[in-house]
Amino acid sequence: MAISRVIRKSFNICAFILLMSIHSISVASPHVSILQYHHVSETTPDITSITPTKFVEHLEYLSEHHTVVSLEDVEESIKQKKALPEFAVAITFDDGYKNILENAHPLLKQYGYAYTVFINPAQIGSSPSQLTWEEVKQMSKEGVTFANHTVDHAHLLEMLENESESDWLARVKRDVEMAETIITQQVGYSRKWLAYPFGEFDGRLKNMLSEMGYLAFGQQSGAAAWYVDLQGLPRFPASGRYADLNSLKTKLRSLAMPVIKKTPNDPKVKLNTSSLAVSLVVDTQDFLPDRFACYYLGDKMDVSIQPVSKSKLAAHELINEKAVLHNFAFSINRKFNPGRSRVNCTAPSLTRGGRFYWYSLPFFTATAQGTYPD
């Protein structure tokens, strides 16, 4: 009996230590994967659509393996460095398509999932394919959050003919403020969240939105956490070729890469640039530096690795006082054509089996005329 009690006591102590370890990991790691959808339909363009049947598969998988949180929860976690449930996921839609109400909303209500729709006020009610303001208001009453996608979904990086930089920034600021004002008037609240149209932004836009008090969301891949760029928050596209659940499972379990510094800091790249040097200073305490890998247009990059002394960084730049820093450097030796491209970098976690740190660097290149392709 004494031996039995000792065994039970030892087991209880081990279980307690394990539970505390799990709790510690969760509290210290408020990672969240944010999904981005557009259409939920069988008749809309494949590249931005997911069928209702496939969407149900996503929701069912989330119900079994993840905790769906609201974007309000994500904002609180980011601003207060507060933990989210392990395997947290947030759901967002860009553009106010009617098929969100017709095909997605009933399913999301059925599962009890919060979600956010980023809308362009000038397009609401403009065609049969768009939500009306009456429908927006009703959905809002039923728990859907609506947020800013600019007034009319223009390419924010495009400047008008003979427009100065200061005039361009002022025009974009007026656009964002006008959209926010209209949304506030219609639904009664202002979240100050912006989803960049086409996922396009640069350093000047980010600085402006930071001064305006906005969180801003891109379309580059990666998990989010409190230390991620708050005006360039990543989202995983989950429509079109990205709707395949087998590949999405890994993304849903991803961890926010603890990037301290990056070069270049601005994602705009000039047309026909044929060589671009990239470097990332990353806290590597939870992964082996030689397992860090980056890919551009499907090609694996040749990455050089160098340790970095913490003394070279300011205290506020460090995510963790126990940080182990390495610089990862590589060159993109391919001509940049008009449009959007990105580098994806991943590294397997040492403490969370089967999970990967994930980071994406987007690049935006204008045509010779200064326009950006849709």
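List, please: which pairs have Cβ atoms under 8 Å, are six or more places apart or on different chains, and start with a residue in region 185-202 that is of a type in the set (Gly, Ala, Ser) and end with one that is in a helix (DSSP H, G or I)? Within 8 Å, the pairs are Gly188/Ser140; Ser190/Glu180; Ser190/Ile183; Ser190/Thr184. Contact map, region 97-121: first residue farther than 18 Å from Trp133 by Cα and part of a loop (DSSP other than H, G, I, E, B), second residue among the small types (Gly, Ala, Ser) and modelled with pLDDT under 95, Cβ cut-off under 9 Å, separation 6 or more or different chains; the map is empty. Within region 93-138, the set of residues being of a type in the set (Ser, Thr, Tyr), buried (at least 16 other Cβ atoms within 10 Å of the Cβ) and under 24 Å from Val172 (Cα atoms) comprises Tyr97, Thr116. Exactly one residue out of Thr181, Thr145, Thr150, Thr116 is β-branched (Val, Ile, Thr), more than 23 Å from Thr51 (Cα to Cα) and under 21 Å from the mean Cα position of the chain (by Cα), and it is Thr150. Residues in region 176-195 that are surrounded by 18 or more Cβ atoms within 10 Å (Cβ to Cβ), over 17 Å from Glu75 (Cβ atoms) and not β-branched (Val, Ile, Thr): Ala179 alone.
For every residue, the table says whether it meets (1) on the phi > 0 side of the Ramachandran plot; (2) acidic (Asp, Glu); (3) in contact with a strand residue (DSSP E or B) (Cβ under 8 Å, 6 or more places away or on another chain); (4) modelled with pLDDT of 95 or more.
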residue	(1), (2), (3), (4)
Val259	no, no, yes, yes
Thr284	no, no, yes, yes
Lys300	no, no, yes, yes
Gln306	no, no, yes, yes
Ala314	no, no, no, no
Ala323	no, no, yes, no
Ser349	no, no, yes, yes
Phe364	no, no, yes, yes
Ala368	no, no, no, yes
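The values are calculated or read from the model by the stated rules, or taken from the named source; none is laboratory data. Note that the structure is a prediction, hence the values are computed from the model and not measured. Every residue, glycine as well, gets a Cβ built from its backbone with ideal geometry; the counts of neighbours run over all protein chains shown.
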